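Data first, discussion second: the structure below is written as structure tokens.
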Amino acid sequence: MSRKTEINFEYTIVRSKRRTVAIHIDQGVVVRAPFRARESQITNFLIQKSPWILKKLEVVNQRAAESPHHTFQDRDTFLFQGVPHVLRLVEASKTSIEIHDMEIFLNIKPGTPPEKIPEKMKKWYIKKAREKMNQRVEYYSEKIGKKPKKIAIRGQSKRWGSCSSKGNINLNWKLIMAPEEILDYVVAHEVCHLLHPNHSNKFWHTLETIMPDYEARRNWIKQNGHKLGF
């Protein structure tokens with residue numbers, strides 16, 4: 001159920017067997033509360049936390065406005081390795097994608113339905129991401145002396161990468177839209193997890209050894225990651 005408090009923001013209450021009241025903000029405000037929590041208790045908690053909530057909502061709204069909104073039409077603009085490229089749709093006998101200077105040429109057969117274009121673009125991005133990421137994983141694996149068992153390119157909505165207990169590395173294809181040094185940060189981060197499966201001091205020390213400026217790169221992905229993707 002969606003509600004409003006005295007400070008005029010909407011929220012939804014989700015009750016469960018949990019012991020405390022907590023607030024989760026993504027697309028909206030969700031209050032996770034115990035079954036026994038009174039309505040007045042929840043309302044007072046929200047009023048107390050309202051400055052923090054409003055600040056978080058402002059960030060969420062700002063990031064939503066900055067998120068990519070593509071038309072996939074001729075002269076639409078897409079990021080590739082951190083640089084804006086103009087999409088050029090060209091009729092051709094065979095479907096292919098080529099990149100020249102700061103333009104992406106999508107050669108498509110006459111009569112291709114417009115709704116097929118995002119799929120073709122995504123496949124091309126994934127292909128380019130796989131080529132680049134395989135190279136960079138190999139590079140950083142040699143630096144720490146340990147290689148992953150498998151590299152998978154995925155499209156997670158909220159994760160840039162992960163490393164499983166089996167030594168498999170997953171990377172988000174959208175990173176090919178970021179500057180190369182940002183893609184490198186995520187790759188190096190996950191490669192270091194092959195040695196240290198947690199975020200212990202040893203993990204951060206290993207990462208700093210192979211990438212002294214990792215903190216700046218880490219901050220970039222936190223501040224700009226929402227701008228990557230379709």
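The values are calculated or read from the model by the stated rules, or taken from the named source; none is laboratory data. Since the model is a prediction, treat every value here as computed from it, not as a measurement. With ideal geometry, Cβ positions are generated from the backbone for all residues, glycine too; neighbour counts draw on all protein chains shown.
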Residues that are charged (D, E, K, R): list the strands (runs of 3 or more DSSP E) wholly contained in segment 96-188 that include at least 1 such residues. 96-100, 103-108, 150-154
Can you pull out the residues in segment 162-172 that are hydrophobic (A, V, I, L, M, F, W, C) and either at pLDDT below 95 or surrounded by fewer than 22 Cβ atoms within 10 Å (Cβ to Cβ) (or both)? Cys163
Return a yes/no flag: does segment 78-97 have any residue that is farther than 30 Å from Asp184 by Cα, surrounded by 10 or more Cβ atoms within 10 Å (Cβ to Cβ), in contact with a Leu (Cβ under 9 Å, 6 or more places away or on another chain) and hydroxyl-bearing (Ser, Thr, Tyr). yes
Any pair with Cβ under 8 angstrom, 6 or more apart, that starts in segment 128-153 at a residue that is farther than 14 Å from His189 by Cβ and ends at one that is among the aromatic types (Phe, Trp, Tyr): Lys128/Phe80; Ala129/Trp173; Arg130/Trp173; Ile153/Trp173
Counting only strands (runs of 3 or more DSSP E) entirely within segment 1-81, those with at least 3 residues that are in contact (Cβ under 8 Å) with a residue 60 or more places away in the chain and closer than 30 Å to Glu103 by Cα are 77-80
Taking the residues in segment 193-209 that are of a type outside the set (Phe, Trp, Tyr) and surrounded by 15 or more Cβ atoms within 10 Å (Cβ to Cβ) as candidates, determine which candidate is farthest from Tyr139 (Cα to Cα). His196
If Arg136 satisfies every condition in (1) more than 30 Å from Gly167 (Cα to Cα); (2) touching an Asp or Glu at 6+ places or on another chain (Cβ under 7 Å) but one, which is the exception? (1)
